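S.K.: My questions will all concern the structure given below.
The values are calculated or read from the model by the stated rules, or taken from the named source; none is laboratory data. Since this is a predicted model, take the numbers as computed values, not measurements. Virtual Cβ from ideal backbone geometry, glycine too; neighbours counted across all protein chains shown. We work out accessible area using only protein heavy atoms, side chains counted, and drop any ligands, DNA or RNA first. Shrake-Rupley method; radii C 1.70, N 1.55, O 1.52, S 1.80 Å.
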Amino acid sequence: MATQVQGGGGLKKFVSEMKGSNSRMVEMRLVCFTGGVIGTRVLLLNDIDTQTQVVSLSPFVFLIACLLTLLFSTWLDYFPSRLQDITFRRANGQSIATGCLLPASVCCGVFHMAYQHAPNLLGCLSLYLILLSVLCFVSILSTVVHAIPYPNSIVMYNLGTLLICYLIYTYTQVPLLPLLVGVAIYSVLVPSLLYRFPGSFSIGEVIIVGQGLTLLILDVLLQLASQFKLIKLSPELSFIHRPSVLYVELLTFGVLLCVVLLLPVLWKIVSSPAQETRLWSATFLLGSLTIGWLVVLPCLKALLGGRHPFAVTIYAVVGRQHTLLLTLCWSLLCMGAGLLVCAQTSSSPWLMALKSNKPSSLWMRKWFHVLAFLVYAVGVAVDADFLGLAAAHMTFVFLVLELMRVLLMWPIGQWLHDVLEPFLDARDSGPLVLTHLYLLLGFSIPVWLYPLSYSGAAASKLALYAGVVSLGVGDSIASVAGKLMGKHKWPGTQKTLEGSLMAFFMQMITIAMVIFIDPGLNSFSYVQWIVVGVSVTMTTLLEAYTQQIDNLILGPFLFTLLIAFL
């Protein structure tokens with residue numbers, strides 16, 4: 001169910017809001033502390049010759065964003081009634097600090113790694129870090145002016161945004177056009193998600209999704225404009241992406257492009273009588289195939305250096321024996337997951353053994369964590385690049401299926417809705433069902449963002465397992481152990497101390513096994529083990545105190561800590 005945050009006052013409400021903010025303050029401090037430490041660490045690195053002003057100022061701007069977000073989130077957590085008339089997903093706190101700082105912290109962590117591994121990444125990462133920091137300011141600004149009556153709020157928002165962009169452009173060497181385009185995309189994207197899909201996001205979640213999609217769209221536009229000679233990027237920004245990153249960016253961009261260009265057709269699908277829905281659904285599918293064939297595939301082919309995307313995918317699967325075996329194993333696991341899902345609404349006697357009385361229960365949901373753990377643990381150990389490519393394709397499939405489900409699009413939209421409905425719980429309170437997509441992203445983001453082709457400290461490769469450790473082990477063990485033996489709850493939450501302790505020990509055991517088994521990881525020093533222990537502790541605390549969908553934030557959070565400090 002969604003919650004609508006209304007204006008209002010009174011001493012009684014103020015006191016109740018203040019009392020309810022204690023648990024949210026823990027999450028906010030964890031994220032702000034992590035971002036501040038990483039930003040300071042990058043800022044104080046003096047052994048690298050920073051050639052451009054933007055490289056040296058990017059961490060400074062990010063630190064300012066951390067400080068302002070900390071101050072603003074403290075104020076908002078004590079006065080949540082400042083937000084008016086927006087329907088959010090029901091959560092005990094909206095986690096603006098997490099939403100603002102987590103994407104930029106991830107970028108800053110990779111930024112730190114670039115100092116050691118790939119200095120040519122500095123320009124590209126500094127541009128994105130500046131942009132994400134600006135989006136933090138824009139998120140805060142939009143929340144502040146929301147309490148101001150229309151149209152004054154729109155005027156203040158646009159003036160404030162232009163002022164922020166001008167100041168960044170004046171005191172750094174960030175190109176103004178990408179900055180303005182990124183802010184424009186974000187300013188349209190976030191309100192559209194909130195108002196088109198009420199109750200599907202908390203504020204923190206929509207900020208994370210908005211920043212991620214903005215960065216993805218802007219990166220695609222920059223790369224395509226450079227590839228087709230429309231603009232000339234500086235050498236620092238001419239970074240060659242891995243195929244898996246290109247696939248996930250172009251395929252996601254293609255889905256968004258189809259939605260935007262065929263929006264009138266989608267409106268007809270939603271508003272037309274049932275007998276006309278098939279015609280409009282077929283029209284949308286045909287139009288999407290046309291856009292994909294004429295626009296997305298040629299663009300992806302150009303960015304892949306002239307290689308056809310189909311040929312790249314086929315060769316990646318069958319070109320090597322181990323990738324073919326991995327594909328067969330993953331296909332069997334996916335078939336098992338599909339049977340588990342279909343069994344909940346099927347009356348077939350063959351599937352009755354898999355049927356659960358309560359599909360949305362903890363035990364059923366954690367089965368999918370186990371399946372994802374098996375896929376990603378084996379994939380990272382054997383071939384992380386191929387795993388990233390496979391995850392990019394699965395992300396595209398999930399996006400398409402969710403689009404068909406939410407619109408009840410012929411031919412399988414209604415069937416998908418009926419199949420997934422038994423698995424819904426309080427976190428899927430809006431029209432969108434995102435927990436499964438968040439789980440996929442939580443496992444995949446560390447694999448996509450880690451620069452596999454660069455040499456450096458072998459210990460940092462442990463960051464590839466961040467999703468496996470935090471979600472596949474930590475989150476699952478914490479829930480199951482808390483359910484079975486939990487007696488003492490963390491203050492202000494429903495999570496238990498016993499579950500968190502068990503999660504911490506199991507994550508450390510898993511990391512020890514990974515270090516022992518994976519030949520790419522050297523033996524750890526005592527200092528590195530302390531870093532790992534602190535990182536796992538902070539991730540466990542975040543899991544205990546966050547009110548957001550943890551599938552989305554735990555993997556990137558642990559990835560940031562490991563890649564920045566190992």
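S.K.: Mind giving me the nanometre distance, one decimal, between the label points for THR283 and ARG29, set 7 Å out from Cα along Cα→Cβ?
M.R.: Computed distance between label sites THR283 and ARG29 equals 5.7 nm.
S.K.: Short version: what are the Cα gyration tensor semi-axes of the range 240-338, square root of 5 times each eigenvalue, largest first, in whole Å?
M.R.: Values: eigenvalues 200, 81, 22 Å².
One finds semi-axes of 32, 20, 10 Å for the range 240-338.
S.K.: Mind checking the full-extension length gain between LEU325 and LEU263? Use 0.36 nm per residue of separation minus the Cα-Cα distance, one decimal, nm.
M.R.: 18.2 nm
S.K.: May I pose another question? Might you report the magnitude of the Cβ-based charge dipole of the range 374-498 about its Cα centre, with Lys and Arg at +1 and Asp and Glu at -1, to the nearest 20 debye?
M.R.: That gives a dipole near 420 debye.
S.K.: Seen from all sides and averaged, what is the projected area of the convex hull of the Cα atoms in the range 390-549, in nm²?
M.R.: Projected area, direction-averaged: 11.6 nm².
S.K.: How high is the FRET efficiency from MET513 to ARG307, r the C-beta distance, R0 45 Å, rounded to 0.05?
M.R.: Efficiency at R0 = 45 Å is approximately 0.75.
S.K.: Same structure, new question: Taking the mean number of other Cβ atoms within 10 Å as a proxy for protection, how do you rank 372-378, 107-113 from highest to lowest?
M.R.: Descending packing order for the listed peptides: 107-113, 372-378.
S.K.: Continuing with this model, one more query. What FRET efficiency, computed as 1/(1 + (r/R0)^6) with R0 = 35 Å and r the Cβ-Cβ distance, is obtained for THR537 and ASP425, rounded to the nearest 0.05?
M.R.: After rounding to 0.05, the efficiency reads 0.80.
S.K.: For the range 185-272, run through the chymotrypsin sites (Phe, Trp or Tyr not before Pro) and keep only the ones in DSSP coil with at most 14 other Cβ atoms within 10 Å of their Cβ. Provide the component values of the computation, followed by the final result.
M.R.: Numbers: sites: TYR186, TYR195, PHE201, PHE228, PHE239, TYR247, PHE253, TRP267; in loops: PHE201, PHE228, PHE239.
Listed in order of number, the matching sites are PHE228.
S.K.: Sticking with the crude label model, points 7 Å out along Cα→Cβ, report the distance from TRP367 to ALA225 in nm, one decimal please.
M.R.: 4.9 nm
S.K.: If you don't mind, there's one more thing I want to ask. List the trypsin sites (Lys or Arg not before Pro) within the range 399-488 that DSSP assigns to loop and that have no more than 16 neighbouring Cβ atoms inside 10 Å.
M.R.: When the trypsin sites (Lys or Arg not before Pro) of the range 399-488 are filtered for loop state and at most 16 Cβ neighbours within 10 Å, LYS487 remain.
S.K.: Still on this structure, please answer the following. Roughly to the nearest percent, how much of the accessible area of the range 241-310 is carbon and sulfur, given a 1.4 Å probe?
M.R.: 75 percent
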